[in-house]
Structure formats: C-alpha cells, structure tokens
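A short worksheet on the structure shown next.
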Amino acid sequence: MHSRLELLFVCPDAVKSRRLCEKAEQLVNSESSEFDRHVPDSPTARLNCSSGRVALGEDLFFALELCEKFRSLTRGYFDVAALSTDKARPAYRLFPESHEAALAGSGYLLDFGGFAKGFALESVRNLLAGEGIADALLNFGNSSVVGMGKHPFGSCWRVRSEEGGRTFVLNDSAFSISGPSRSGKNHIMDPHSSAPAPAGPWVAVSGRSALLCEILSTAVYAAPIGERDRIMESFEGYTATYGS
Amino acid sequence: MDRRSFLGKVGELGAAGVVLSALPVVEACSSVKKEAVSGEKVRIGLIGSGSRGQFHLANLQQIGNAEVVALCDIYRPHLEKGLEMFPHAKPYTDYRALLEDRDVDGVIIATPLSEHYRMAMDAISAGKHVLCEKAMAYTLDECLEMYRSAQSGGKVFFIGQQRLFDPKYKKALESVRSGEYGPVVNVRNYWFRNADWRRPVPSPEYERLINWRLYREYSRGLMTELACHQLQNGIFATNELPCKVMGSGDTIFWKDGREVFDNVCVIYTFPSGVNMTFESVISNKHFGMGEQILCKDGTVDLPNGRYYPEVPPKKTAIRQLLGEIEKGVFSNPAFAGTSWAPETAEDTSGVPIMPEASGDGSMEMMQAFCDACISGVQPEGVLRQAYYGSILSILGDEAMLQNKILEFPEKYRVD
C-alpha cells in the first residue's frame, strides 16, 4: 500500500504481543497483495488487464461490493474507478456465484487508494479485538488512524494534525485525512470530471469505522463544496472537518 | 565488526594498552550506599571563595548533609561573598589555619591551579577529605605525587571533574564502552568562545591575583582550565591512554599581555591508532563547546546527550508516542496529515540518550563528595580518571610549548 502501518497496543504478554504484530503484518501484506494494482499478478492488476471475468479472493470481492455501494451513497464522489477514461457506471460487474468480477469495458482502471488503508485498519482492529486487546492506537501512514479504547494515562487517545494543530479525540473511533500530498501534489481525482479535484485545504472525517472515514474523506475532498454536506448527511455519526 | 569481536579486540590490547578498569568507572560515583550516610552531616571548609568557589557554595546550600563551617580567601571581597552565603562559617585568610580547624571534616579547594598541589598536600597531611578543583596540579610530577598521597592518605579525594557525575555522560559513556555503538574511531573535543577570558580588576595590583588564568606562573590556560574536562571522556571511551601527543598553540587575537595561548589545537593518538583532538579558540564562538565520540555505528554528542546513528532509525509517530507513554505522559502527538512519504533525508535530530537528565554533574559531584566524606569510602576509579585528565592536559600544553611530538611517559602511568 506504499505506506506504513504502526501499532501501539497495551498487552502485558510479550510473546503474545509479538505474535499479534506478526499476524497483523501478515494480514496487511496479504490484503496489500490483493488490492495493489501496481503489484504484477495481483488480482486487481489482473482485473485491470483483463477483458473477461477474473476470479477474486473473498476480501477483494467483498471490497468491490462495498465500493459500488459507497459510490452510490457518496453521490459518485468515492469511486475506485475514478482514474478511468470511461465515465459510464458501474465500472464493473460482480458474479457472486463464482466470486468473479469483470470490468465494464476497456476504458476502466480500478485503484483502491482511498479504500485499502481503511479496509486494512478494520481488519487489524478486528484481529486485536478478537485477541482481547482493548486499548490500541493504529496509524496507517499518518492519514488514517484508529483509537481503540484509551491511552494508558488518559480517557481516550489524542492526535493532532501537523498542519493547523487540530486535535482528534479517539475513543473506539477513527479519523482519516485527505488532501494534497505533503509535496503539494493533488492526487485525488474528481470522478465526474476525470481530472484532479481542485486543490484545497485538507478534509478530515471522524467516526466509528476507519474504512468509512477514509471513503468519506476522499469523497468529500473530491466533491464541490456545495455537495459536501449532502454527502455527509447520509452517514450518521460521522463528522467532516476542514483545514484552513 | 560486531560487538563481540569489538570487545574481544579491546581485550587483545593487553596491559600495555588498556589502562582502566573494565568496569564503568563512573558507576563508582554513585556507589556510596545512601543508608550509610543518612542522618549525618559533613562539615565543609572552602578554600577560595571566588567565582568557582561561590558556585560550589550555591550547590552546598542545597545539599542536606553538608554544613559549610569555614571559608578562606586572601581576597577580601571574595571572602565576604562567601560569608553572605554562609554567615555562620568561620572566616580565614590563611588556608593553613583552616586546615587546623578540627571542626572541618572536608575541604574544597577552588584556588588558582598553581596552588592546588601545595594546598591539597597540606590538606591530606591534616587528615582532611579533599575536593580539589581541576586541573589536579601544574606539573606532571605534582599530579603523580598528589595521586599517590591521596591513595595512601586514607581519606576521600576528589578532583572537580564533574562530567564523571553527569548522568547523561555516564549513560552515554557506558554505552560506548560496552561497544553498543561499535568501536570508537575518533574523539573530537572543542571549546570555542569569543571573549577575552578576563575578570574585572578593581585596581592593577590585583591583575595577576584575579586574572591568574592568563599567566603562566599560575595556569596552563585553555589546556588546564578547559581541555582536562574533555580529555578524560576520551580516555574513558577508548579505555586506553594515548601514546603520542602533538599540538600547536599561539596567541593570535588577545594580545593584551597574557602569557597563555588563546588558540590551541592538540592531537592525542591512542595505541589503537584512534585520534582524539582538542581545539579551543577564544575569538570565535560559532561552534561553542563540543565533545563527540565517533563510533563505527554512530556518533555520541556528550554535552547534548544525543546519539546520531550512522543509519538513522525511521522516526515514527508511534515511536514518539511510546516514549512518552513510558514516561507516563498522556500526550497529544502531532503526526496526522494527508499522506505519508518515505524518509529520504537523514534524520539529523539524533536520539536523546537521557532526556530527563539536566545540569552538568556539578551538583551530583558535590553530593557524591559529601556522601563519601561521611561514609569514608573513596569511590573506585574517580581519582584515577581525573588524574589522567590532568596529565593529558599538561602533556598537551608541553607538546605545544616544546613544539614536539611527545610520547606518553610511562612513569606517569598508574593502575
């Protein structure tokens, strides 16, 4: 995923801690090898190159189901096919019986940026919770962060934005930030125009699910200002904040 | 070279090269058992209540098991300054009278370098515990005689080399000695100032008394006043004594009648071939003071208590947060942003070795001295370490004065 996942969790058992870290790493690597279109022979790369049906693993198939659903709920501003030259949607068809997918034509390209980190964070959160870990901070690339439970010396986790000094309070919740990269490059596409979204201040979305936060921050950043509130209205418990 | 082979190589150097205990000398500074000194007080007499003496007095005001009972200075304003700090102390103008005072258990000597030998030897003869300011003495022979007398005197004897007691130095030097950062490949010391090094004089007849650091009769200038602090770090870090000393010094800017150099550059070469340098200029302060141990795997910046690995670790938000949690801090780390980018530039901020450590070790040294006076236990290695610091500073000065490459004289090796 061309990023870095950091885990901080409270666990008095050193052996268990190491085992959990290894499992988390395996989990994320496994998902990365499915979602990364730049990895040759990954299912996503094969799907992008194929004119026919491609068999998918359970995670990727489920992800494509979710992506189509959230594309609709975000009024088209979250779109894994945003880099496509063909603007007709849906960009792909799913075949549940065979766990296969096929692109709708040759002008489509799927890219899971704005989705995969959130998906991986949810997987790791489930892994830790299933192993009895109550308090943890999960940071994926500094732009997607989950706070499980609370800080050992506080009632929550707190993280500040590097720009603007905005504090995000996390208590079994997450946030995600979208915007131009630190080098100033605007990499988020407006799916409706197939051009980079107009450069503007960052957008942060906070809420329960890391995956939804990442999807929404991407969609809201790509959307015109007048559309943003309408997108957020569909997602109760999620809040958008904006950099200046 | 890994740590094991590095340590093995140190061992192979044998007795000729390795001169110091394999155990961390500085550990001994804190070895006095606190329970052995609880409830007791040491009665201190201070000889020389000038600026450095007043600094010690200020520290003594904060030490619970010390009582300053006597003060001595031949310069009345300094004596009065000391008495302002300890009004009940008995005033003396002759240090020998102070040494005869039976109410004095230990003395602190903070006088010009040229006086150290005579006063310290008299104090040992009087059966007093002694903390003598650095450098130890003016000549090599005086240092050796003081060392031997202190060893056989049965009393506590410290030299004012406070770095030995600075927790961050202790931790950093122990890590260096353990081979944690790889073998030592170079030691750099420098001390740059931009001032004339003069103290104000009320009238000309006090010039040499007050500005004694500028005159050869009393001082060896930058070497004995500054270098000896730093040179001891090098010998501790390398666990060797230099075999060769060379250097050059001159008076290049402050040509005001002073007799000591205002610009020195000295190189000490260890048997392993590792070099240690000391540079000092007092007409440019840009680089300030530095003491750096260069190891194969990283550089230790002693005064700033930081370690700079050759391959910097990736600095991560979680790592910072973890460090704060270990200190019990509920922090609000600032790392959230739009996207992560791989680090391509070197992390130049270094790694703090002991962020909680403050001060320069002077307070710890004074506390250790007071504790040692009460317990009567001389901390192992402290005197030897300070002795070598002084010996090297004098050898450096001699190398410059004689304009020769000097070999370390075997007669000054002590074990």
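Conditions: (1) within 14 Å of chain B (Cβ to nearest Cβ); (2) more than 27 Å from A:LEU137 (Cα to Cα). A:THR44 meets all but one. Number of the miss?
Among (1) within 14 Å of chain B (Cβ to nearest Cβ); (2) more than 27 Å from A:LEU137 (Cα to Cα), A:THR44 violates only (1).
In the stretch A:123-137, what residues are within 11 Å of chain B (Cβ to nearest Cβ) and in a loop (DSSP other than H, G, I, E, B)?
Answer for the stretch A:123-137, where residues must be within 11 Å of chain B (Cβ to nearest Cβ) and in a loop (DSSP other than H, G, I, E, B): just A:ASP135.
Which of the residues that make up the stretch A:184-219 are polar (S, T, N, Q) and buried (at least 23 other Cβ atoms within 10 Å of the Cβ)?
A:SER217, A:THR218, listed by residue number.
Tally up the residues in the stretch B:280-300 that are surrounded by 20 or more Cβ atoms within 10 Å (Cβ to Cβ) and more than 21 Å from B:GLU174 (Cα to Cα), please.
Of the residues in that region, 3 qualify.
Looking at (1) part of a loop (DSSP other than H, G, I, E, B); (2) within 26 Å of the chain's Cα centre (by Cα), which is the one condition that is false for B:PRO87?
Exception for B:PRO87: condition (2).
Is there a residue in the stretch B:316-339 that is at pLDDT 80 or above, in a helix (DSSP H, G or I) and away from chain A (no Cβ under 14 Å)?
No, the stretch B:316-339 contains no residue that is at pLDDT 80 or above, in a helix (DSSP H, G or I) and away from chain A (no Cβ under 14 Å).
Select from the stretch A:196-235 the residues that are under 18 Å from A:VAL146 (Cα atoms) and free of Cβ contacts under 8 Å to residues at least 40 places away in the same chain and list them in ascending order.
Hits for the stretch A:196-235 are A:VAL205, A:SER206, A:GLY207, A:ARG208.
Check B:LEU46, B:LEU98 and return the single one that is at pLDDT 95 or above, touching a helix residue (DSSP H, G or I) at 6+ places or on another chain (Cβ under 7 Å) and closer than 25 Å to B:LYS155 by Cβ.
Residue meeting the stated conditions: B:LEU46.
Hey, among B:PHE408, B:PHE369, which residue is modelled with pLDDT of 80 or more, under 30 Å from B:HIS56 (Cβ atoms) and touching a strand residue (DSSP E or B) at 6+ places or on another chain (Cβ under 9 Å)? Step through it out loud before you land on a result.
Details: B:PHE408 fails: under 30 Å from B:HIS56 (Cβ atoms).
Only one candidate qualifies: B:PHE369.
Hey, any hits in the stretch B:285-297 for a residue that's more than 14 Å from every other protein chain (Cβ to nearest Cβ), closer than 21 Å to B:LEU406 by Cβ and touching a Pro at 6+ places or on another chain (Cβ under 9 Å)?
No: zero hits.
Wholly within the stretch A:138-183, which strands (runs of 3 or more DSSP E) include no fewer than the required count, namely at least 2 residues that are within 7 Å of another protein chain (Cβ to nearest Cβ) and buried (at least 24 other Cβ atoms within 10 Å of the Cβ)?
A:173-178
Could you tell me whether any residue of the stretch A:96-108 is in contact (Cβ under 8 Å) with a residue 60 or more places away in the chain, in contact with a Lys or Arg (Cβ under 9 Å, 6 or more places away or on another chain) and buried (at least 19 other Cβ atoms within 10 Å of the Cβ)?
no
Okay, residues lined up against (1) of a type in the set (A, V, I, L, M, F, W, C); (2) part of a helix (DSSP H, G or I); (3) at pLDDT below 95; (4) at negative phi:
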site: A:VAL15; (1), (2), (3), (4): yes, yes, yes, yes
site: A:ALA24; (1), (2), (3), (4): yes, yes, no, yes
site: A:ASN29; (1), (2), (3), (4): no, yes, yes, yes
site: A:THR44; (1), (2), (3), (4): no, yes, yes, yes
site: A:LEU64; (1), (2), (3), (4): yes, yes, no, yes
site: A:ARG71; (1), (2), (3), (4): no, yes, no, yes
site: A:PHE78; (1), (2), (3), (4): yes, no, no, yes
site: A:THR85; (1), (2), (3), (4): no, no, yes, yes
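Could you check how many residues of the stretch B:156-203 are modelled with pLDDT of 95 or more and outside any loop (DSSP other than H, G, I, E, B)?
Residues in the stretch B:156-203 being modelled with pLDDT of 95 or more and outside any loop (DSSP other than H, G, I, E, B): 13 in total.
Report the residue count in the stretch B:249-298 for those that are on the phi < 0 side of the Ramachandran plot and assigned to a loop (DSSP other than H, G, I, E, B).
Residues flagged as on the phi < 0 side of the Ramachandran plot and assigned to a loop (DSSP other than H, G, I, E, B) within the stretch B:249-298 amount to 22.
May I ask you to list the residues in the stretch B:139-169 that are of a type outside the set (A, V, I, L, M), buried (at least 24 other Cβ atoms within 10 Å of the Cβ) and touching a helix residue (DSSP H, G or I) at 6+ places or on another chain (Cβ under 6 Å)?
Listed by number, the residues that qualify are B:CYS143, B:PHE157, B:PHE158, B:GLN161, B:ARG163, B:PHE165, B:TYR169.
Residue check, A:ALA222 against (1) buried (at least 17 other Cβ atoms within 10 Å of the Cβ); (2) within 13 Å of chain B (Cβ to nearest Cβ), all met but one. Which one?
Tallying (1) buried (at least 17 other Cβ atoms within 10 Å of the Cβ); (2) within 13 Å of chain B (Cβ to nearest Cβ), A:ALA222 fails exactly one: (2).
I'm checking my understanding of the structure. Among residues of the stretch A:1-27 that are within 14 Å of chain B (Cβ to nearest Cβ) and aliphatic (A, V, I, L, M), which one is surrounded by the fewest Cβ atoms within 10 Å (Cβ to Cβ)?
Top of the filtered list is A:VAL10.
If I filter the stretch B:368-415 down to residues being part of a loop (DSSP other than H, G, I, E, B) and among the β-branched types (Val, Ile, Thr), which single residue comes out as nearest to B:VAL104 (Cα to Cα)?
It comes out as B:VAL377.
What number of residues within the stretch B:93-111 are in contact (Cβ under 8 Å) with a residue 40 or more places away in the chain and not in a helix (DSSP H, G or I)?
Residues flagged as in contact (Cβ under 8 Å) with a residue 40 or more places away in the chain and not in a helix (DSSP H, G or I) within the stretch B:93-111 amount to 10.
The values are calculated or read from the model by the stated rules, or taken from the named source; none is laboratory data. Everything quoted here is computed from the prediction, not taken from an experiment. Here Cβ is always computed from backbone atoms with ideal geometry, including for glycine, and neighbour counts include all displayed protein chains.
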